[in-house]
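Structure first, commentary second.
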Amino acid sequence: MSTTTQPAQRGFLQRIDRERLALAIAAPLLAIVIAVLLCSALLAVAGYDPTQAFNIMGKFAVASDGQVAILNKATTYYLAGCAVAFGFRMNLFNIGADGQYQLSALFVAYVGGTVNLPSFIEIPLLLIVAMLVGGAWAGVAGVLKVTRGVNEVIATIMLNAITTAIIGMLLVPGIFVPGNGGGTSNTVQTKQMVASSNFFTINTQGGSLYGFIIVAALVGVVFQLVLTRTRFGFDLRATGRSESAAAASGVNVKRMVLTSMCVSGALAGLIGMPDLLTNSHYFGQNFQAGIGFTGIAIALLGRNSPLGIGFAALLWAFLDASAPTLSVSNFPPEIINVMEGTIVICVVVAYELVRRFGLKRQQQRVGAQLAAAAVSVKKEVAA
């Protein structure tokens, strides 16, 4: 048994490029360290004690209720990061995730308030509706790109503006909103969703944990398997690196662009589901917006990898969830926004520095190998 397992273990370890792994971790770590140093300096200049601020944030992170709040936020952020990252792997910039998830949430809230089925049918139906609406809305940008050559960044930004107008038109008393405005207050909202649409939660010592965290984890696993274990994932990565090379190898680039945009939009459609199916149970004017743009920063920080996005989502959720505790202790909560913005800027710079360092190391290794080969040839000729 030992003769068969030991070579396999050595082979697995040898396949791990430790230097490449270290460089991949170095970039986000360097960005976080720089962000912490800059924010510490900013707090000190403003007359606050940075050590106390970070101490408050640390205590929040280890408290049970704080951990539940972080995980609940991270669930939503993870879905947003995966939606954006799927497009990024194809070299597509789906900036419209924000509009896609809001439009999906509106339709899901309408269907959930109209259709009353058993939970095991109702919830999958609502998830399918969310993914179909998000995928179809993102597919508009994909169709424009493959048929008319419209840049997907411009198309998705414009679609975000159109989404806001569409939601404003639909959130008036009529089909989507009942005549009395949907609620007892002056807010305009859809009808309350039926009880069978409630997604389960996990009771913990720190509060109710979103059961949707399981769905988010499954999305990450499927994302990784599709990228690394399927022909579609190989074509997607190949097209993202070089469209011309992929086309020369037989990949239908236009079909890949359209499919990737639709899948990215379908994932974006799930972003609003943890809150809609667990907390609010209706769509109204106060439905949270802007998570799609947060997903861009998280995908960037996580290097478009499902595992990296997981860590980035936890970091972002920790920063956002700890902001109120800073405010209670008379610290300016805006320091969180400064830190998030600094991390995004620093991570871009850090990735470039690490990329250049890795390229230099690769050139040095190749140069050393060529020099060794040249010396070997000279010895053979001399002999």
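The values are calculated or read from the model by the stated rules, or taken from the named source; none is laboratory data. The structure presented is a predicted model; accordingly, all values stated were derived computationally and were not measured. When we count neighbours, we look across all protein chains shown, and the Cβ atoms used for this are built from the backbone with ideal geometry, even at glycine. We work out accessible area using only protein heavy atoms, side chains counted, and drop any ligands, DNA or RNA first. Shrake-Rupley method; radii C 1.70, N 1.55, O 1.52, S 1.80 Å.
Identify, from the list 336, 271, 309, the residue that is within 30 Å of residue 47 (Cα to Cα), of a type outside the set (Asp, Glu) and buried (at least 20 other Cβ atoms within 10 Å of the Cβ).
Among 336, 271, 309, only 336 is within 30 Å of residue 47 (Cα to Cα), of a type outside the set (Asp, Glu) and buried (at least 20 other Cβ atoms within 10 Å of the Cβ).
Among the residues of region 103-141, what is the count of those that are open to solvent by less than 30 Å² (accessible area, probe 1.4 Å), within 20 Å of residue 164 (Cα to Cα) and either not in a helix (DSSP H, G or I) or not β-branched (Val, Ile, Thr) (or both)?
Number satisfying all stated conditions: 11.
For the structure I just gave you, tell me whether residue 196 is in a helix (DSSP H, G or I), within 22 Å of residue 115 (Cα to Cα) and not hydrophobic (A, V, I, L, M, F, W, C).
Values: in a helix (DSSP H, G or I): yes; within 22 Å of residue 115 (Cα to Cα): yes; not hydrophobic (A, V, I, L, M, F, W, C): yes.
For residue 196, the condition - in a helix (DSSP H, G or I), within 22 Å of residue 115 (Cα to Cα) and not hydrophobic (A, V, I, L, M, F, W, C) - is met.
With 228, 187 as the choices, which residue is of a type in the set (S, T, N, Q) and part of a helix (DSSP H, G or I)?
228
How many residues are free of Cβ contacts under 8 Å to residues at least 40 places away in the same chain and within 9 Å of residue 138 (Cβ to Cβ) if we restrict to region 246-275?
0
For region 318-337, give me each residue that is within 15 Å of residue 55 (Cβ to Cβ) and outside any helix (DSSP H, G or I).
329, 330, 331, listed by residue number.
Tell me the residue from 91, 72 that is surrounded by fewer than 18 Cβ atoms within 10 Å (Cβ to Cβ) and not hydrophobic (A, V, I, L, M, F, W, C), please.
91
Quick one: residue 360 ticks every box in (1) in contact with a helix residue (DSSP H, G or I) (Cβ under 8 Å, 6 or more places away or on another chain); (2) open to solvent by 70 Å² or more (accessible area, probe 1.4 Å); (3) not small (Gly, Ala, Ser) except a single one, so which number is it?
Here residue 360 meets the rest and fails (1).
Run down 100, 52 and say which single residue is modelled with pLDDT of 85 or more, surrounded by fewer than 18 Cβ atoms within 10 Å (Cβ to Cβ) and either of a type outside the set (Asp, Glu) or under 24 Å from residue 336 (Cβ atoms) (or both).
Only one candidate qualifies: 52.
Exactly one of these conditions fails for residue 276: (1) open to solvent by 60 Å² or more (accessible area, probe 1.4 Å); (2) more than 24 Å from residue 62 (Cβ to Cβ); (3) at pLDDT 90 or above. Give me its number.
The failed condition is (1).
Can you tell which of 365, 355 is charged (D, E, K, R), farther than 24 Å from residue 301 by Cα and out of contact with any Asp or Glu (no Cβ under 8 Å at 6 or more places or on another chain)?
Criteria check complete, one pass: 365.
This table checks each residue for (1) more than 16 Å from residue 267 (Cβ to Cβ); (2) touching a helix residue (DSSP H, G or I) at 6+ places or on another chain (Cβ under 8 Å); (3) surrounded by 16 or more Cβ atoms within 10 Å (Cβ to Cβ).
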site: 208; (1), (2), (3): yes, yes, no
site: 216; (1), (2), (3): no, yes, yes
site: 227; (1), (2), (3): no, yes, yes
site: 231; (1), (2), (3): yes, no, no
site: 239; (1), (2), (3): yes, yes, yes
site: 242; (1), (2), (3): yes, no, no
site: 245; (1), (2), (3): yes, yes, no
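Given 294, 259, which one is over 12 Å from the mean Cα position of the chain (by Cα), assigned to a helix (DSSP H, G or I) and either over 30 Å from residue 196 (Cβ atoms) or β-branched (Val, Ile, Thr) (or both)? Steps first, please.
Numbers: 294 fails: over 12 Å from the mean Cα position of the chain (by Cα).
Exactly one of 294, 259 is over 12 Å from the mean Cα position of the chain (by Cα), assigned to a helix (DSSP H, G or I) and either over 30 Å from residue 196 (Cβ atoms) or β-branched (Val, Ile, Thr) (or both), namely 259.
Which pairs do you get when a residue that is closer than 16 Å to residue 72 by Cα, found in region 188-207, comes within reach of a residue that is surrounded by 15 or more Cβ atoms within 10 Å (Cβ to Cβ) and of a type in the set (Val, Ile, Thr), reach meaning Cβ atoms under 7 angstrom, with the pair 6+ apart or on two chains?
Short answer, once both residue conditions are applied: 199/123; 199/278; 201/278; 204/68; 206/68; 207/68.
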